[in-house]
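These notes are about the structure you will find just below.
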Amino acid sequence: MANIKYEIIEELGKISQSPKGWTKELNLISWNTRKPKYDLRDWAPEHEKMGKGITFTKEELKELRDILNDMEL
């Protein structure tokens, strides 16, 4: 597997935590020195390992926000 470089620019919030200490987080991350994107994924404590996730541009994140705001929960 290729070596992936990342820099967490801003930790925006933790959504949940598993019994093993992994947390589901929304962060602003630069992947391979590219322009930062909003990123939602599971992280091990200290961010030394990560699970699969999804990235969003600012526009995509706003669209997701609007969809969530329209939902009846």
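What to note about this one:
- TRP31 versus MET71: modelled label distance in nm, points set 7 Å from Cα along the beta carbon direction: 2.2 nm
- Considering only GLU25, GLU63, GLU46, the mean-square fluctuation computed in a Gaussian network model of the chain, springs between alpha carbons under 10 angstrom, is largest for GLU46.
- Summary of packing: across the peptides 26-35, 50-59, the per-residue average of other C-beta atoms within 10 Å ranks them, highest first, as 26-35, 50-59.
- Phi to ³J(HN,Hα) by Karplus 6.51 cos²θ - 1.76 cosθ + 1.60 over segment 43-48, Hz, x for Gly, Pro: 10, 6, x, 6, 6, 7
- Amide hydrogen proximity for ILE9: with H placed 1.01 Å from N in the peptide plane, the residues at 5 or more positions away or on another chain lying under 5 Å are LEU28, ILE29, SER30.
- The Kirkwood radius of the chain, taken over pairs of alpha-carbon atoms, gives through the Stokes-Einstein law at 20 °C and 1.002 mPa s a diffusion coefficient of 161 µm² s⁻¹.
- In degrees, nearest ten, helix 58-70 long axis to first principal axis of the chain (Cα): 50 degrees
- Stretchable slack from LYS49 to ILE8, in nm (0.36 nm times residue separation minus alpha-carbon distance): 13.5 nm
- From helices alone, the chain scores -5500 deg cm²/dmol at 222 nm; the rule is -39500 (n - 2.57) for each run of n ≥ 4 DSSP H residues, then divide by the residue total.
- Residue-wise HN-Hα couplings along segment 33-38, as the Karplus relation 6.51 cos²θ - 1.76 cosθ + 1.60 with θ = phi - 60° gives them from phi, are 6, 8, 4, x, 10, 7 Hz; Gly and Pro carry x.
Rule-based calculations on the coordinates, nothing more; no lab input. The shown structure was predicted, so the numbers you read here are calculated from the model rather than taken from an experiment. Ideal geometry is used to build each Cβ from the backbone, glycine not excepted, and the neighbour counts take in all protein chains shown.
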